[in-house]
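Notes follow once the structure below has been shown.
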Amino acid sequence: MSKFLSLSFALLFLSGLLLSNAEDKILTEDILNFEQVDIVDTGSSGDIFLYEKTKVAKDKKTYESSLFLKNYITGEGFKIFDKRTSYSNVQLGQNGKHIFYIDDGAGALRKTKQIWRKSIPYGIRKQLTKYNGDIRNFDLSPDETKIIFVGTAKKETDSLKPIEIDRYQFKQDRQGFLRDVSNHLFLFDLKT
């Protein structure tokens, strides 16, 4: 009942807003300029945090995201990543001097996802892992000396056989038992 009331109130409010002033119409371009803001990570002391702004791209088919760092105490902030990068799983280091994230690898590993570290505020980035496969997720130790990550590896194609359960046999399996990728946990030591 409360959802119905809040929905009807919202519709009543929006219709009143649209009809109240014919000159102040909400256009499609106005909706496309809305930005969604999400908190990505917070420092251990709580005074610095990473946040992301996402909006519809100019082609109106994709989204653009930019990552920012803000110091809550001083009010200082700056952009870390622009909308052109393909970062994911961003984590703020414990001392606030680095961020760790997953992005495309460099060189021979450019078609894989690797873990990177970027220094703050200078922006010097370094690829930490050289894993021959994609890294899907990771977490840091509190002292930033070890990383545990989930890596995907290709299975050997000869070992793929249908699994027979009772009298039913899987003839075609999309992303199930017969997929050619498996996930593994790895521990990576940053000191070595």
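All of the numbers you see were taken from the coordinates with simple rules; none came from a lab. Keep in mind that this is a model prediction, so the values were computed, not measured. When we count neighbours, we look across all protein chains shown, and the Cβ atoms used for this are built from the backbone with ideal geometry, even at glycine.
At a glance:
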| quantity | calculated |
| --- | --- |
| Qualifying residues in the range 98-124 (those that are surrounded by 16 or more Cβ atoms within 10 Å (Cβ to Cβ) and basic (Lys, Arg)) - the one nearest to residue 185 (Cα to Cα) | 113 |
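Condition check ((1) within 25 Å of residue 143 (Cβ to Cβ); (2) surrounded by 14 or more Cβ atoms within 10 Å (Cβ to Cβ); (3) not small (Gly, Ala, Ser)) across all residues:
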{"residue": "57", "(1), (2), (3)": "no, no, no"}
{"residue": "60", "(1), (2), (3)": "no, no, yes"}
{"residue": "77", "(1), (2), (3)": "no, yes, no"}
{"residue": "132", "(1), (2), (3)": "no, no, yes"}
